[in-house]
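Take a look at the structure below.
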Amino acid sequence: MGNHVRVQAPLPAPQKVAPMYFGAVFLITPMRYNIPTAMAHIISVVNQKGGVGKTTTALNLAAYLADAGKFVLLVDLDPQANATSGLGIDHKTLAAGVYEGLIGSHSVRSLIHNTDHHGLKVLPATQALAGASVELVNADEREHFLRKALLEVRNDYDYIFIDNPPSLGMLTLNGLTAADSVLIPVQAEYYALEGLTQLLNTVNLVRENIKPSLEVMGAVITMYDGRTRLSREVLEELYRYFPDKIFRSVIPRSVRLAEAPSFGKTILGYDPSSKAARSYERLAREFMLREEGRI
Ligand SMILES: Nc1ncnc2c1ncn2[C@@H]1O[C@H](COP(=O)(O)OP(=O)(O)OP(=O)(O)O)[C@@H](O)[C@H]1O
Ligand SMILES: [Mg+2]
C-alpha cells in the first residue's frame, strides 16, 4: 500500500553548454521533451461492442493501481452508470454527476466521490447523462467537453480512466478526445479480431480528425476460458495479428467477477484471493511496467 503522498518527480538537472561565440559564456537549459510531469495519464476504456468487460476492467484495474499507491480517478461516462454502482454508489440518489461537469454548471472537483479504496475516486454518472449525447450534437467543439472539464483535476491524479458506453456516439467521442491513450477490452470470442480491427480503424479516424496524439495502449482479453478451443484459438489469432498490442495478462471468465458489482465492490474488495482478482492484479503490474517505458 502506498502512503498516497503525491510527490512531483524531480526535473533533470540543466546541462551546461561549452562557451560559445566571441568568448561569451551561455548557460543553456536545453528544451527537453521527456520531463516527467505531474499530469495524469488519461486512459479511455473503449469498445463499441456491449458487455465485453469495459466497466469490469476499468473498475478493477483502477482499484489495483490505487492499491499500489497510485492516485486514480474513474470517470463514468456511461448513462447505464455501471462503474458508479459497481463502486457502491447509488446513482439514483445523486443530485449531480459527470453531466454537470460536462456542461460546466458545477466544478468537476466538487462532483468527485471517494470509494472504499484509498486513492481511488469516482466521477459518477447520473440519469442526466442520457440526454447529453443529444444536447451536445449541435454545440461548438462538441467533442471537447470532457477534455476541457478534466483539465481542472488533471494534476490531482496519476491516472484517470474513462469508462465509455457501448457505442461510438457523442459521449464516446468525448471520451476519446479527452484521452491520451485507449485501452480496449476484447472478449475472447469468435468475432474478436474483426471487432478489434474495426475499433482500431475508428481510433485512427479520431486521430486523423480530432486528436493526432491519441495512442492505442493495448487490448485486454477478457472472459477467457482456457478449456475451450475457441478461446485458445482467438487468443492465438489476436497475438498473431497484434503482437505488440495485446496485454499478456489475460482475464479469465469468472463468476466472482460477475458477482462483485451487485455488492458494490471491486474484485479486490470482494474476493482478493480469487483467480480473477489475481489476473487484474497482474494486469495492473503489467500496466505500470508499460508506464515506466512510456515516460
Ligand atoms: N471475466 C469475466 N467473467 C465473467 N463475467 C464477467 C467478466 N467480465 C465481466 N463480466 C460480467 O459480464 C457483464 C458485462 O461486463 P461489463 O459490464 O464489464 O461489460 P461492458 O463492456 O462494460 O458492458 P457495456 O457495454 O454494457 O458497458 C457484467 O455482468 C460483468 O459482471
Ligand atoms: Mg460498461
Just the residues that are within 11 Å of ligand 1 (Cβ to nearest atom) and surrounded by fewer than 24 Cβ atoms within 10 Å (Cβ to Cβ), please, taken from the range 58-93. Pro79, Gln80, Asn82, Ser85
Within 14 Å of ligand 1 (Cβ to nearest atom) and either polar (S, T, N, Q) or within 20 Å of Ala219 (Cα to Cα) (or both): is that true of Ser254 in this structure? yes
When the range 118-152 is checked residue by residue, the ones that are over 17 Å from the mean Cα position of the chain (by Cα), surrounded by 17 or more Cβ atoms within 10 Å (Cβ to Cβ) and under 17 Å from Thr84 (Cα atoms) are Thr126, Ala128, Leu129
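Identify, please: which residue in the range 166-185 is touching a strand residue (DSSP E or B) at 6+ places or on another chain (Cβ under 7 Å) and within 14 Å of ligand 2 (Cβ to nearest atom) and is, among those, farthest from Phe287 (Cα to Cα)?
Of the residues in the range 166-185, the ones touching a strand residue (DSSP E or B) at 6+ places or on another chain (Cβ under 7 Å) are 175-176, 178-185.
Filter once more, so that each one left must be within 14 Å of ligand 2 (Cβ to nearest atom): 175, 183-185.
Details: Gly175: 20, Leu183: 10, Ile184: 13, Pro185: 14 Å.
Across the range 166-185, the extreme among qualifying residues is Gly175.
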Test each condition in (1) modelled with pLDDT under 95; (2) within 13 Å of ligand 2 (Cβ to nearest atom) for Thr84 and report the one that comes out false. (1)
How many residues does the range 86-122 hold that are part of a loop (DSSP other than H, G, I, E, B) and among the aliphatic types (A, V, I, L, M)? 7
Pick out the one residue from Val72, Val52 that is within 16 Å of ligand 2 (Cβ to nearest atom) and of a type outside the set (Lys, Arg). Val52
Can you give me the number of residues within the range 123-173 that are touching a helix residue (DSSP H, G or I) at 6+ places or on another chain (Cβ under 7 Å), assigned to a loop (DSSP other than H, G, I, E, B), more than 21 Å from Arg207 (Cβ to Cβ) and modelled with pLDDT under 95? 1
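Quick one: count up the residues across the range 201-251 that are assigned to a helix (DSSP H, G or I), buried (at least 16 other Cβ atoms within 10 Å of the Cβ) and of a type outside the set (D, E, K, R). Quick ask: steps written out before the conclusion?
The initial filter retains those residues of the range 201-251 that are assigned to a helix (DSSP H, G or I), namely 201-209, 229-241.
In the following step, the residues that additionally are buried (at least 16 other Cβ atoms within 10 Å of the Cβ) were identified as 202-203, 206-207, 231, 234-235, 238.
Then drop every residue that is not of a type outside the set (D, E, K, R), which leaves 202-203, 206, 231, 234-235, 238.
Matching residues across the range 201-251 total 7.
The values are calculated or read from the model by the stated rules, or taken from the named source; none is laboratory data. Model, not experiment: these values are computed from the prediction. Quick reminder, even Gly has a Cβ in these numbers, built from the backbone with ideal geometry, and neighbours come from all protein chains shown.
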